[in-house]
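We did not get these values from a lab; they are worked out from the coordinates using the rules stated. Keep in mind the model is a prediction, meaning the values are calculated, not measured. Please note: Cβ atoms are built from the backbone with ideal geometry, for glycine as well, and neighbour counts cover all protein chains shown.
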Amino acid sequence: MSGSPDGAATFEPDEAFARQLDANDPLGGFRTRFHIPNGPSGLSSVYFAGNSLGLQPKSVRSLIEQELKDWADRGVDAHFEGKTPWYSYHEVFRESGARLVGARLGEVVLMNSLTVNLHLMLVSFYRPTRRRHKILIEQPCFPSDLYAVKTQLQYHDFDPNEALIQIAPRPGEHLLRIEDFEELLDREGDSVAVVLLGGVNFVTGQLLDMKRIAELARRHGCVVGFDLAHAAGNVPLQLHEWGVDFAVWCNYKYLNGGPGAVGGCFVHEKHGDHDDLPRFAGWWGNDPKTRFRMHLEPNFVPRGGAEGWQISNPPILAMAPVRASYDLFDEVGMEALRAKSIRLTGYLEYLVDRIETDRFKIITPRDPDQRGSQLSLLVHDESKLLLSKLQREGVVCDFREPDIIRVAPVAMYNSFHDAWRFAQVLGRHMVPSG
Ligand SMILES: *Cc1c(COP(=O)(O)O)cnc(C)c1O
């Protein structure tokens, strides 16, 4: 019986096999680098909600304590004399941030949070003309993105009912089709200013072919941006090579940077040095050479690259946890993480498929190339009740209206045994009660 995506290995349903997969997992040791919450029984939970809030790396505490110490011991001087001087703290992410999303040095900055960064990017990259003024997004679209885009359209005096295009799955389907993007852009591309899509959809877990979409958008003269909230730290990205104009992501989902963590932002090199791009400026985006000349420098001179979009000085205590997270990603490497993610998600899929029931179905793509570490279960009835039953047995996953349970086996810290336990619990609740 083959449950393996690459056909090279086969899965078996028993617990011993799960243990064996864990024993052979080269990333197995990383689990101990995280705090895993306990379930109601006192045993560690099956934490499959890392797509919503990633777990805390144990190294976070000492990194925050270091900053508290520098603040206590040095006060304002820690800006230049701390262990990691605060003045340039955001620069510690230059290399790891670029590696994470496939960018060149200078194309990535950590600042603000996702929706704020999306607004800042649209200020610069949504530059509507009468003829080309529409924004294309997907359905289902995360509400914050939808609000941001609608209010940007209104800010430019366009009516979202006319100027917002949403590409949706076909009737009776759950996933977007690339041929529908092609067809839509062939038809309406001339009027589309910005194509803005989630790289991995937050409801279905569908991973879009971002390279292909960026090509299509470019061919039609549209700016292309991605929301990578569910993609960064989940799947390998090549933003520079794909020619993506801008991207934004949050660092608290797959990236384990802590609740409300400082967000990430990518601006392609081809735009980074255009100081004439309209932007909302603040002192931290200014050339650091003249930043502290304060009232002597009335004119904003953006520093090159993505860092030129910073506004305020960075929240050091909130950035320290993200450092812990990015260090871990550097240590593991996206390639190894992706290899485990494909195997772990495939194994979970295999186990869930064995449950004999028609009460739910998996709507996430079956093809590993079209998904990351998430399976979305469409539950036909009493989905919320099912979720609370799972929770009572120490399974943490989440729910999206109206009837989707999202299950995220995260390669960084979840085990194959977690997947096995999940399938056991789910299977027990699918037994007809008679
Ligand atoms: C999680 C998520 C957000 C969150 O936005 P914040 O500004 O960080 O609160 C936005 N968009 C998408 C698609 C998300 O998944």
Could you work out the per residue convex hull volume over the alpha carbons of segment 159-200, in cubic angstrom? 95 Å³
Long-range amide H partners of residue 395, meaning residues 5 or more apart or on another chain whose placed amide H is closer than 5 Å, are 46
Estimated dipole of segment 64-330 in Debye, rounded to 20 [Cβ of Lys and Arg +1, of Asp and Glu -1, Cα centre]: 240 debye
Express as a percent, rounded to the nearest 5, the fraction of DSSP beta bridges in the chain (both residues included) that run antiparallel. 55 percent
Take every Cα pair under 8 Å in segment 64-330 that's 6+ residues apart, average their separations, divide by the length, and report that relative contact order as a whole percent. 23 percent
Could you work out how far the C-alpha centroid of segment 158-192 sits from that of segment 259-315, in angstrom? 34 Å
Can you figure out the FRET efficiency of residue 354 with residue 277, using R₀ = 45 Å and their beta-carbon distance, to the nearest 0.05? 0.25
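With the Cα gyration tensor of segment 1-152 in hand, give its eigenvalues times 5 under a square root as the equivalent ellipsoid semi-axes, listed largest first in whole angstrom.
Semi-axes (√(5λ), whole Å): 37, 31, 17.
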Of 361/384; 211/270; 211/253, those spanning more than 19 Å from alpha-carbon to alpha-carbon: 211/253
Quick check: the distance between the Cα centres of segment 26-84 and segment 348-409, to the nearest angstrom? 28 Å
If unit charges are put on Cβ atoms (+1 for Lys and Arg, -1 for Asp and Glu) and the dipole of the chain is taken about its Cα centre, the option from 97, 348, 320 lying farthest towards the positive end turns out to be 320
FRET efficiency, residue 129 to residue 173 (Cβ-Cβ, R0 25 Å, nearest 0.05): 0.15
Any lysines with Cα under 26 Å of the residue 83 Cα? List them, leaving off those in the same chain fewer than 8 positions away. 58, 69, 289
Translational diffusion coefficient, Stokes-Einstein: compute it for the chain using the Kirkwood radius over C-alpha pairs as Rh, at 25 °C and 0.890 mPa s, and state it as an integer in µm² s⁻¹. 107 µm²/s
Under the rule of -39500 (n - 2.57) per DSSP H run of 4 or more residues, summed and divided by the residues of the chain, what mean residue ellipticity at 222 nm is obtained, to the nearest 500 deg cm²/dmol? -11000 deg cm²/dmol
Using 0.36 nm times the number of residues separating residue 330 and residue 382, minus their current alpha carbon distance, what extension gain do you get? 14.6 nm
With R₀ set to 30 angstrom, the calculated FRET efficiency between the beta-carbons of residue 429 and residue 146, to the nearest 0.05, is 0.35
Compute the signed sum of charges (Lys and Arg +1, Asp and Glu -1) over the other residues within less than 12 Å, Cβ to Cβ, of residue 384. -3
So, for the Cα atoms of segment 346-434, Rg and Dmax in Å stand at 12.3, 40
Taking the Cα centre of segment 286-434 as origin, sum charge times position over the Cβ atoms of Lys and Arg (+1) and Asp and Glu (-1), and report the length of that vector in debye to the nearest 20. 220 debye
